[in-house]
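The values are calculated or read from the model by the stated rules, or taken from the named source; none is laboratory data. These numbers come from a predicted model, not from an experiment. Because the Cβ atoms are built from the backbone with ideal geometry, glycine has one as well, and the counts that use them run over all protein chains shown.
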Amino acid sequence: MIVEYPSKEDWGEGISLVEGQKIEGFAYLQLMESCALAYFHPNPVTRYLFRKRLRIVMKLFGDRPAERLLDAGCGVGYFLPTLARFARRVDALDRHAVSVGFAGRIVRNRRLGGVGLTCGDILSLPYREGSFDAVVSLSTFEHIHALDVACREIRRVVRDGARIVIGFPLEGSRFFEFLEKLDGRTFLRRASRRMNTVFETSSEARRTVSGHVSDWRTIDAALERTFQVVRRRRLNLLPGIGGLYAIRLLTTK
């Protein structure tokens with residue numbers, strides 16, 4: 001399935017407000033944690049890599065459409081136009097209400113049918129057992145301490161044989177750390193400074209924004225304890241080198 005890449009206009013003036021840093025306090029930090037600007041990053045390589053993740057996900061899902069899909073950690077809803085064509089029903093969940101509000105803008109502006117939005121926690125999913133036959137969760141697990149709880153919750157709400165795709169950054173390598181520092185000092189310098197200032201001065205931000213608390217090895221181990229790994233994909237900066245992102249296709253044991 002061809003991935004649809006939304007434009008900034010799909011959020012009305014929303015993304016422009018984030019870019020212009022006109023959203024105040026910890027709401028700005030929450031939107032940045034939700035990758036609000038990642039797909040419109042000033043660095044074309046970063047834009048390419050973030051978008052390529054979505055193409056890999058759809059290839060892993062294959063040609064068989066889903067009946068009901070959960071997007072766990074939907075952020076501002078960038079993936080929803082594609083997922084809404086792939087599944088008859090999409091439930092999109094994020095723990096930041098401001099991000100869910102932004103996702104609602106693209107649902108309305110794109111007139112996406114069969115998409116439900118919920119502000120909730122992946123550690124306590126507000127869905128019945130066996131509700132979904134497909135799940136996608138990108139750039140969410142690195143923000144979670146209680147990985148086994150998250151895995152058990154996903155297992156609880158999926159049917160036997162469900163297709164589950166989880167993606168997370170390959171943090172920890174010197175190469176990855178170099179790119180993060182380069183990004184913070186060049187392309188997103190102003191944004192990085194503002195994020196640090198908000199985090200240091202707002203106790204509410206520290207309660208609601210976790211940052212990255214689990215590395216990829218820990219995430220992989222947790223996934224393997226609960227699910228069967230069907231396929232592993234790795235997104236590199238160049239063919240064979242510069243690992244940046246891991247994507248796993250899982251199913252139930």
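Filter the range 140-161 down to the residues that are in a loop (DSSP other than H, G, I, E, B) and buried (at least 20 other Cβ atoms within 10 Å of the Cβ), then identify the one that is nearest to the chain's Cα centre (by Cα).
The initial filter retains those residues of the range 140-161 that are in a loop (DSSP other than H, G, I, E, B), namely 140, 144-146.
Of the ones still in play, those that are also buried (at least 20 other Cβ atoms within 10 Å of the Cβ) are 140, 144.
Numbers: 140: 5, 144: 12 Å.
Result: 140.
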So which of 123, 138, 182 is at pLDDT below 95 and out of contact with any Cys (no Cβ under 7 Å at 6 or more places or on another chain)?
182
Quick test of your reading of the structure: residue 89 fulfils all but one of (1) closer than 26 Å to residue 242 by Cα; (2) surrounded by fewer than 20 Cβ atoms within 10 Å (Cβ to Cβ). Name the failing condition by number.
(1)
Select from the range 91-128 the residues that are among the small types (Gly, Ala, Ser) and under 17 Å from the mean Cα position of the chain (by Cα) and list them in ascending order.
92, 97, 99, 101, 103, 104, 116, 120
Just to be sure before I move on: is residue 23 within 19 Å of the chain's Cα centre (by Cα) and either of a type in the set (A, V, I, L, M, F, W, C) or at pLDDT 80 or above (or both) in the structure I sent?
no
Looking at (1) surrounded by fewer than 24 Cβ atoms within 10 Å (Cβ to Cβ); (2) in a loop (DSSP other than H, G, I, E, B), which one does residue 75 not meet, given that it meets all the others?
(1)
Boolean, residue 131 is within 25 Å of residue 253 (Cα to Cα), under 17 Å from the mean Cα position of the chain (by Cα) and either crowded, with 21+ Cβ neighbours inside 10 Å or of a type in the set (Ser, Thr, Tyr) (or both):
no
(1) part of a helix (DSSP H, G or I); (2) under 15 Å from the mean Cα position of the chain (by Cα); (3) farther than 19 Å from residue 4 by Cβ: which one isn't true of residue 164, the others all being true?
(1)
Within the range 47-72, track down each residue that is within 18 Å of residue 233 (Cα to Cα) and either crowded, with 17+ Cβ neighbours inside 10 Å or at pLDDT below 90 (or both).
48, 49, 50, 53, 54, 56, 57, 58, 60, 61
What's the total number of residues in the range 141-163 that are modelled with pLDDT of 95 or more, in contact with a strand residue (DSSP E or B) (Cβ under 9 Å, 6 or more places away or on another chain) and closer than 21 Å to residue 35 by Cα?
2
